[in-house]
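Notes follow once the structure below has been shown.
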Amino acid sequence: RKEVEQDPGPFNVPEGATVAFNCTYSNSASQSFFWYRQDCRKEPKLLMSVYSSGNEDGRFTAQLNRASQYISLLIRDSKLSDSATYLCVVNMYSGGGADGLTFGKGTHLIIQP
Amino acid sequence: DTAVSQTPKYLVTQMGNDKSIKCEQNLGHDTMYWYKQDSKKFLKIMFSYNNKELIINETVPNRFSPKSPDKAHLNLHINSLELGDSAVYFCASSQEGGGPEQYFGPGTRLTVT
């Protein structure tokens, strides 16, 4: 079983719609969770951390379900500029740094006008 | 000013050659990393360095060797290049004990012919 699994998509979504995708992780000892965004031929950039209580940043909402070992990302009122690949990242440790950092393969999102 | 920079951006070389990729960060971070993103877009950590000490060494061939002349630089040397080494290599940095965010360089697209 892969450590971090994501539906690769692509998800084709009309502009203004709400889109959600999930990520599952296999290691129950995982401590911290993140969503990164990667544009085509660019480097990954942190979108948001994911907290147990759930967190929101503008149009983006991230949720964590430890019991089921999945993380979700919800994007409301999607914009053309949201088109990118969204990487689910899981860390075995609670602090910063890359010890145990595992990236999913990413979910490709295409927002259509 | 670019926070994390890499050179070269593109590198095309023949099998059997030895090449280096340079990375520099001006963020004052404690830890630097090298990642490999293959044709399937899977991002995998190769090495990390903290205060000139290798703290993670994933199961990469010993043809790959990271070298850190100082805290702001982490170069990647690759000996006897093979076709399978073709990928995008990303350098990244983070602050030890700080936030979870990793700052990635723009990537070096290596093509081995």
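Side notes on the structure shown:
- Filter result (assigned to a loop (DSSP other than H, G, I, E, B) and open to solvent by 50 Å² or more (accessible area, probe 1.4 Å)) within the range A:56-71: A:G58, A:R59, A:R66, A:A67, A:S68
- A:K105 touching a Pro at 6+ places or on another chain (Cβ under 7 Å) and either within 18 Å of B:F104 (Cβ to Cβ) or part of a loop (DSSP other than H, G, I, E, B) (or both): yes
- For the range B:61-90, a residue qualifies if it is more than 16 Å from B:P8 (Cα to Cα), open to solvent by 40 Å² or more (accessible area, probe 1.4 Å) and touching a strand residue (DSSP E or B) at 6+ places or on another chain (Cβ under 6 Å), and the qualifying residues are B:K67, B:L83.
- Filtering the range A:1-15 to residues that are open to solvent by 40 Å² or more (accessible area, probe 1.4 Å) and more than 14 Å from A:I71 (Cβ to Cβ) leaves A:R1, A:K2, A:P8, A:P10, A:F11, A:N12, A:P14, A:E15.
- Residue check, B:T113 at pLDDT 95 or above and open to solvent by less than 10 Å² (accessible area, probe 1.4 Å): no
- Count of residues meeting criterion [more than 20 Å from A:M92 (Cα to Cα) and either in a strand (DSSP E or B) or facing another protein chain (nearest Cβ under 10 Å) (or both)] in the range A:38-54: 4
- Residue in the range B:59-72 that is within 19 Å of A:T102 (Cα to Cα) and at pLDDT below 90 present: yes
- Residue in the range B:91-110 that is within 11 Å of chain A (Cβ to nearest Cβ), within 23 Å of A:S32 (Cβ to Cβ), open to solvent by 70 Å² or more (accessible area, probe 1.4 Å) and more than 13 Å from the chain's Cα centre (by Cα) present: yes
- Exclusive hit being open to solvent by 50 Å² or more (accessible area, probe 1.4 Å) and within 27 Å of B:T31 (Cα to Cα), set A:N27, A:N91: A:N27
Each row is one residue, and each column tells you yes or no for (1) within 30 Å of B:L110 (Cβ to Cβ); (2) at pLDDT 95 or above; (3) surrounded by 17 or more Cβ atoms within 10 Å (Cβ to Cβ).
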{"position": "A:Y51", "(1), (2), (3)": "no, no, no"}
{"position": "A:G54", "(1), (2), (3)": "no, no, no"}
{"position": "A:L73", "(1), (2), (3)": "no, yes, yes"}
{"position": "A:D77", "(1), (2), (3)": "no, yes, no"}
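- Complete set of residues in the range A:31-46 that are surrounded by 12 or more Cβ atoms within 10 Å (Cβ to Cβ), farther than 16 Å from A:L101 by Cα and without any contact (Cβ under 8 Å) to a residue 60 or more places away in the chain: A:D39, A:K42, A:E43
The values are calculated or read from the model by the stated rules, or taken from the named source; none is laboratory data. The structure presented is a predicted model; accordingly, all values stated were derived computationally and were not measured. All Cβ positions, even for glycine, are placed from backbone atoms using ideal geometry, and neighbour counts span all protein chains on display. Only protein heavy atoms, including side chains, enter the accessible area calculation; ligands, DNA and RNA are left aside. Shrake-Rupley method; radii C 1.70, N 1.55, O 1.52, S 1.80 Å.
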